[in-house]
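S.K.: Following this message is one structure expressed as structure tokens.
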Amino acid sequence: MTSLDLSSIETPSVLIDHARLIGNIAWGQRTADTHHVKLRPHIKTHKSLHIARLQIEAGAVGITASKAEEALVFLNGGIKSVTVAYPQVAPVKVARLLAAALKNEAEVRFIADSPQGVQVLDNTAARHGGRVGVFLKIDVGLHRCGLQETDARLLPLVESIQKSRSLRFVGLLSHAGHAYGATDASQVRVIAEAECAVLNRVRCRLEAAGHAVVEVSVGATPTFLTSQSYEGITEVRPGNYVFLDQTVLRMGLAGPERVALSVLVSVVSANEDYLIIDAGSKALSSDLGAHGTGTPGGYGKAYPLSDYERHANGMPIVKLSEEHGFVRHEGRSLSVGARLRIIPNHACPVVNLAEGLVILKETELAAWPVDARGKVR
Ligand SMILES: Cc1ncc(COP(=O)(O)O)c(C=O)c1O
């Protein structure tokens, strides 16, 4: 909670409540410690070196990144262990990552789910020397990347990694993003239990075939907020937990008092149905929720400043133009020029669209860059 005067901040701006951010980082580390798993947060949420360093200081073993360019920012920024949890199929990107890791005396690990992906890693790593760590990506229900546990290619793929003189098989990695489609915490827990069961079955099969599975890595904020299922898991990779957003509020997985990110906007016009605000899809993104999960309530909730801390009188943002948002005021009168704070549906794309973050500390404002903004290659 902050009592800072926000009137000097131009709109739209992304605000981060520093105390809540620190609280979420500490909660995440405590949760990982309690379940005896390592925490390797996904930095695609904040794209900030500052926040990554806070997570490492709190006890995180390294970070997870998705895109190669994004990972490079963090390797060059002094983070010593990075998992690139996105299939890298372009030799030039893999070579760049390996060179950056070498230069910065850091470790970079990859995932693969295809023979082509393993081949690219193998060929490129062979030119760099040393052995590069590779996870096999397992699909636990999102049906995005990863092999099904029953896929006949699974064992041969692990064997091909093991046979390579340039690669090292690290273990299994999954992302239960389909948990965002659950309607409540109990459904999320069922998904987390199923994820854990799939990974343990695959681990047992690989071990029976003589392959050591050192790491079993899971990670999604819904499961991290609710799960008690960590049997056989060695590492968690949540990203969104540092900020949280309207999606996890809608799902009932966290209370609004934990949400650290909001967007400060101004009312620029008003009509009988809507307050028109100065943030549209170019500030809030058009995301209805992670992985295309929809939100009947729209693109986020807007609060008058005086009601934000108690999360009272939230008004839905029901439509977006590029530079305008349509807030359904439901008869509440707010004058043009009034300011609102928005909890967006999905904090991660909002940060990627922002030039910087305005940090609300107890008695002062700070500005932190979004270091990996727009790094989507
Ligand atoms: C591979 C992978 N790991 C971890 C995460 C973090 O999940 P969340 O955004 O729910 O925190 C993501 C998010 O998309 C992901 O794709």
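The values are calculated or read from the model by the stated rules, or taken from the named source; none is laboratory data. The model shown is predicted, which means the values in this text are computed figures rather than measured ones. Virtual Cβ from ideal backbone geometry, glycine too; neighbours counted across all protein chains shown.
S.K.: Quick test for you: out of 129, 210, 141, pick the one residue that is within 15 Å of the ligand (Cβ to nearest atom) and either assigned to a loop (DSSP other than H, G, I, E, B) or more than 28 Å from the chain's Cα centre (by Cα) (or both). Spell out how you get there, then give the answer.
M.R.: Details: 129 fails: within 15 Å of the ligand (Cβ to nearest atom); 210 fails: within 15 Å of the ligand (Cβ to nearest atom).
Every option except 141 fails the conditions.
S.K.: If I filter region 167-207 down to residues being within 16 Å of the ligand (Cβ to nearest atom) and without any contact (Cβ under 8 Å) to a residue 40 or more places away in the chain, which single residue comes out as farthest from residue 247 (Cα to Cα)?
M.R.: Step one: filter region 167-207 for residues within 16 Å of the ligand (Cβ to nearest atom), giving 170-182, 185, 187-189, 191-192, 195-196, 198-199.
Subsequent filtering for residues that are without any contact (Cβ under 8 Å) to a residue 40 or more places away in the chain retains 187, 192, 196.
Working: 187: 15, 192: 18, 196: 23 Å.
Checking each candidate, the answer is 196.
S.K.: Please go through region 150-165 and give me each residue that is buried (at least 18 other Cβ atoms within 10 Å of the Cβ) and either within 16 Å of the ligand (Cβ to nearest atom) or assigned to a loop (DSSP other than H, G, I, E, B) (or both), ordered by number.
M.R.: Within region 150-165, just 164 meets the criteria.
S.K.: Is there a residue in region 21-42 that is out of contact with any Pro (no Cβ under 9 Å at 6 or more places or on another chain), under 23 Å from residue 285 (Cα atoms) and more than 13 Å from the ligand (Cβ to nearest atom)?
M.R.: Taking every residue of region 21-42 in turn, at least one turns out to be out of contact with any Pro (no Cβ under 9 Å at 6 or more places or on another chain), under 23 Å from residue 285 (Cα atoms) and more than 13 Å from the ligand (Cβ to nearest atom).
S.K.: Of everything in region 108-126 that's in a strand (DSSP E or B) and in contact with a Phe, Trp or Tyr (Cβ under 9 Å, 6 or more places away or on another chain), which residue is nearest to the ligand (Cβ to nearest atom)?
M.R.: It comes out as 111.
S.K.: Quick one: residue 250 ticks every box in (1) farther than 16 Å from residue 27 by Cβ; (2) at pLDDT 95 or above; (3) not aliphatic (A, V, I, L, M) except a single one, so which number is it?
M.R.: The one condition residue 250 does not meet is (2).
S.K.: Just to be sure I understand, how many residues within region 63-110 are at positive phi and among the small types (Gly, Ala, Ser)?
M.R.: Initially, region 63-110 is screened for residues at positive phi, giving 78, 105.
Keeping just the survivors that are among the small types (Gly, Ala, Ser) gives 78.
So the count comes out to 1.
S.K.: Right, next: When you scan region 227-331 for helices (runs of 4 or more DSSP H) that lie fully inside it, which ones turn up with 1 or more residues that are in contact with a helix residue (DSSP H, G or I) (Cβ under 8 Å, 6 or more places away or on another chain), more than 16 Å from the ligand (Cβ to nearest atom) and farther than 30 Å from residue 213 by Cβ? Before the answer, list the steps.
M.R.: On the way: elements: 246-250, 281-284, 305-308.
Helices (runs of 4 or more DSSP H) meeting the threshold: 281-284.
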